[in-house]
Protein chains: 2
Amino acid sequence: MLSKQQLSFVKSLHIKKFRQMYGKFLVEGDKLVHELLASDYKVDAIYALAGFKIRSNKLPCPIVLVTEEELKKLSTHENPNQILAIAEIKPTSQTLSDLDLSASLCIACDNLSDPGNAGAIIRIADWFGIQNVFFSLNSVDIYNPKVVSAAKGSMFRVNCVYTDLQTLFAMHSKMPVFGTFMDGENVYHANLPKAAFILLGNEANGISPTLASYISKRISIPAFGKAESLNVAVAAGIITSEFKRQGLL
Amino acid sequence: MLSKQQLSFVKSLHIKKFRQMYGKFLVEGDKLVHELLASDYKVDAIYALAGFKIRSNKLPCPIVLVTEEELKKLSTHENPNQILAIAEIKPTSQTLSDLDLSASLCIACDNLSDPGNAGAIIRIADWFGIQNVFFSLNSVDIYNPKVVSAAKGSMFRVNCVYTDLQTLFAMHSKMPVFGTFMDGENVYHANLPKAAFILLGNEANGISPTLASYISKRISIPAFGKAESLNVAVAAGIITSEFKRQGLL
């Protein structure tokens, strides 16, 4: 049986303040926990229903067996899926200037606020082989269980860095910064380079004026209808796909 | 002051069963209500805070003034934005065989379950000038307030139809059906037609086997990394964008 202390510790990780205080986060469900175990993230604890079979030869820690009722208390889901793990948030060991971004495509998110969008964008990076995704310091916490869930394991393979984007762009001033606007150049014809930052803005307010001044190229996704905008993750997918398509030509 | 009856009627529309029973749905917030008023949807009631200014010359109904506290009770949002309207769900007057789909691109969603994805897909349709989006009968209710919110007004401009997709494909058997799979033909080189169905699957399970048998062309978005899949709305955006880009060549 779980102690009160274990229960309250795990539950505290539902909240950002405690995730930051302890440097730990929750990973929930069969598929995600297995993706975690296959990654280089450190795993501190695993809670699973009796009878659940883990498909991994070496376990990083003993498994604590829990009842369905206990798992429900630990989980952020209404119907939790058999297993839950606690992983350690990676320290940002590399300083920005150490990061080798040359010849690479990067995504930078300015004040991104929706967990589902953050997860979808990390999946886009993983799909298209983009190693680094940068988040401004006021963006949503990617260790939020909703982001972890929406990223479908991709966050264990993509390097996600919280940083001041102005400093990042200033340090890598040779890398062009692409921003998407209604009046930008048609992305299909824009002659896109292999190395660049794709800068994404906030869901409601777009790219902030301070960061807009770092943009070296304004591009647009051609509109054929009357929508004012696309969902930010959808736009990120279209732009990234177009960079990759042109890179294959 | 709102009567108990008014309050309980509006609140009932938070729930699918009652939206279907009354044939009405909620539209919340300044921007969306103005998009609604500019559309051909019939508006039954408007509730607004005293002092809120509606930017529309002819109103379809009188405005009921409410207090902030009352608006909070009516709304599905924690912090409702000044105004809320009740609109009528359009009857599906056109039978499927009457719909003229020739020379047009259509999106068909098979058992789509996430409200945010449904909204993002309706925005994609509106952005790329796609008139018709079909939803299988087991897909999420697009009159769900979360879908209405995520669609950002695009649902007032795009024709959204719930129908049996097998019947739809059988009736329009000359239109090719495109499905996205890991082993499909690279979409960048696939030679896409101007008229087609883009079939999207369920978030967890993809396209159902019954519908997969209607697919005439299997395509893929080239993967450069290790993600197993993309978010379905992101994939829809990339595929639709590629259809449109090739259509411009």
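Counting every other Cβ atom within 10 Å of each residue's Cβ, B:ILE86, B:ILE121 order from fewest to most as B:ILE86, B:ILE121. Could you tell me whether segment B:4-88 comes out rounded, prolate or oblate from its Cα gyration tensor? Rule is a ≥ b ≥ c as square roots of the eigenvalues, rounded for a/c under 1.5, then prolate if a/b exceeds b/c, otherwise oblate. It is oblate, given that a/c is not under 1.5 and a/b is not larger than b/c.
Here's the list of lysines a cross-link from B:LYS53 could span, going by alpha-carbon distance under 17 Å and ignoring same-chain residues fewer than 8 apart: B:LYS31. When the pairs B:LYS4/B:LYS152; A:LYS146/B:LYS146; A:LYS244/B:LYS226; A:LYS217/A:LYS244; A:LYS42/A:LYS152 are compared against a 20 Å limit on Cα-Cα distance, B:LYS4/B:LYS152 fall above it. The ranking of A:THR240, B:THR167 from fewest to most other beta carbons within 10 Å of each one's beta carbon is B:THR167, A:THR240.
The Cβ shell under 13 Å around B:GLY201 holds other residues with a net charge of -2, Lys and Arg each +1, Asp and Glu each -1. Look at the Cα gyration tensor of the protein assembly as shown: its axes a ≥ b ≥ c give a/c under 1.5, and that counts as rounded.
For the residues A:ASN144, A:ASN202, A:ASN79, a GNM of chain A with alpha-carbon springs under 10 Å puts the largest fluctuation on A:ASN79. Across segment B:4-88, C-alpha contacts under 8 Å between residues 6 or more apart give a mean separation that, scaled by the residue count, equals a relative contact order of 40 percent.
Looking at the square roots a ≥ b ≥ c of the eigenvalues of the Cα gyration tensor of segment B:96-248, which shape do they give, rounded for a/c under 1.5, prolate if a/b is larger than b/c, or oblate? In terms of gyration-tensor shape, rounded.
Taking the fewest neighbouring Cβ atoms within 10 Å as the starting point, the ordered list for B:SER75, B:SER241 is B:SER75, B:SER241.
Just to be sure I understand the rule: take each whole DSSP H helix in chain A, project its Cα atoms onto its long axis, keep it if the span is 27 Å or more and its mean Kyte-Doolittle hydropathy is at least -1.0. Which ones pass? Helices passing the filter in chain A: none found. Remark: label point of A:GLU78 defined 7 Å out from Cα along the Cα-Cβ vector; separations to the same position in other copies 1.8 nm, ascending. Each part reduced to its alpha carbon centroid, segment B:152-168 and segment A:1-55 end up 40 Å apart. Excluding residues fewer than 8 places away in the same chain, name every one of the aspartates and glutamates whose C-alpha is closer than 20 Å to that of B:LYS72. Counting by Cα, and skipping residues close in sequence, B:LYS72 has these aspartates and glutamates nearby: B:GLU28, B:ASP30, B:ASP44.
Estimated from helical segments only, the mean residue ellipticity of chain B at 222 nm is -8500 deg cm²/dmol, where each DSSP H run of four or more residues counts as -39500 (n - 2.57). For A:PRO209, the point set 7 Å out from Cα toward Cβ sits 6.0 nm from its twins in the other copies, listed from shortest up.
Taken together, the values in this text are just the output of simple stated rules run on the coordinates, not laboratory data. What you see is a predicted model; the values in this text were computed from it and never measured. Glycine gets a Cβ as well: all are built from the backbone with ideal geometry, and neighbour counts include every protein chain shown.
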